[in-house]
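S.K.: Pasting a structure here, questions to come.
Here, each number is a calculation from the coordinates, and none is a lab measurement. Since the structure is predicted, the reported quantities are computational estimates derived from the model, not experimental observations.
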Amino acid sequence: MSASVTDATTAGGLPEANPWGAPPRRRRRKLTFDRALFMAVFLGLPVAVFVIFVVIPIGQALFYSLTDWSGFSPVMNVVGLDNYVKLLNDETFLKALRNNALLTLVVPLVTLTAALAIAVVVTTAGPSTGQVRGLNGSGFYRVVSFFPYAVPAIVIGLLWAQVYDPAAGLFNGILTGIGLDGFENYAWLGEVRAAMPASMFVMIWASIGFYTVLFVAAIKGIPAEIYEAARIDGAGRFRTAISITLPSIRDNVQTAYIYLGILTLDAYVFMAALNPGGGPANSTLTMSQHLMNTAFKKGQFGYATSMGVVLALVTLLFAALIFAIFYFAGGRDKKGEVAR
């Protein structure tokens with residue numbers, strides 16, 4: 001009987017399943033030269049690169065944030081959490097943190113809403129009969145909307161700084177030209193109430209094109225039969241966009257929101273070009289700007305590194321929050337079915 005259990009084979013020469021229910025033993029594959037080379041190149045090398053260029057710098061930054069290093073001297077003293085306690089009492093840093101939070105709240109929401117609207121228009125807002133397609137000349141709209149993203153951010157910031165110039169700026173010239181005399185010599189970047197909205201507009205204007213193209217590509221991947229079925233059922237364009245298009249590209253929207261949120265949590269390039277000094281009463285100052293000023297102008301690299309650590313933690317918290325929102329808003333699978 002034992003021989004029949006251990007030695008029995010199927011007709012094809014394969015071992016039969018163990019009748020006693022014990023799991024079959026896995027045979028260890030021999031470590032050949034090919035397997036070792038494959039693991040070294042495709043596993044060992046990426047891990048080594050990750051450790052050298054990500055893990056070690058993070059650990060180094062954490063250590064520097066616990067010191068009073070000036071950045072220009074090999075001498076540094078460990079001060080523990082004093083830098084982080086100092087951050088809690090740094091009004092300038094807290095102001096910069098609030099500015100970044102405001103940017104992250106407004107810019108991604110407005111940008112992605114506008115980009116999604118444009119993408120829907122140029123892909124599915126065409127004729128109500130016949131093939132599902134966008135408006136005539138939709139390719140032209142895509143090219144025009146993408147153009148600002150092809151220009152470097154620093155160039156966009158410098159150009160808009162000239163557009164907002166109080167005396168010779170194009171913006172004030174247009175407003176006064178149509179009869180709005182109250183905007184003559186108006187300092188858009190020099191007024192506390194106007195500096196942040198004006199800066200937000202530049203960031204939104206520069207980003208809409210890229211996300212429009214991203215959403216257009218995602219919408220193109222939705223089967224046309226779904227839209228045809230919605231038409232037959234009598235769904236209008238708005239209902240179709242809310243009930244079909246948006247749920248179908250949920251993952252793309254989530255990724256775009258996280259990416260754009262990280263951009264606004266930094267926002268250094270745009271703000272440095274528009275308001276190098278942080279704007280009136282630090283109304284446009286960001287954490288990255290304050291970090292750079294603290295490190296290179298004040299020579300407090302240890303304290304500046306603690307700001308960088310806080311910025312990294314805020315960024316991770318933001319990404320986790322967006323994942324959680326999309327997850328509980330219907331992005332998870334329910335009973336094995338993908339939520340739609």
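S.K.: Near the amide H of Leu66, under 5 Å away, which other amide H atoms are found, from residues 5 or more places off or on another chain, if H is placed in the peptide plane?
M.R.: Under 5 Å from the amide H of Leu66: no residue qualifies.
S.K.: If each residue of separation counts as 0.36 nm, what is the full-extension length gain between Glu191 and Leu94 once their alpha-carbon separation is subtracted?
M.R.: Extra length from Glu191 to Leu94 when fully extended: 32.9 nm.
S.K.: What are the extents of the Cα atoms of segment 85-338 along their three principal axes, in Å, largest first?
M.R.: So the three principal-axis extents are 65, 54, 27 Å.
S.K.: Starting from the Cα gyration tensor of segment 277-326, multiply each eigenvalue by 5, take the square root, and state the resulting semi-axes largest first in whole Å.
M.R.: On the way: eigenvalues 132, 48, 5 Å².
They are 26, 15, 5 Å, listed largest first.
S.K.: Let me ask something additional. What is the gain in length, in nm to one decimal, between Glu184 and Val144 on full extension, counting 0.36 nm per residue of separation less the C-alpha to C-alpha distance?
M.R.: Between Glu184 and Val144, full extension yields 11.4 nm more.
S.K.: Also: Just need log10 I(q)/I(0) for segment 55-129 at q = 0.11, 0.13, 0.21, 0.22 Å⁻¹, Debye formula, equal scatterers on the alpha-carbon atoms, no solvent, rounded to two decimals.
M.R.: -0.57, -0.66, -0.99, -1.02
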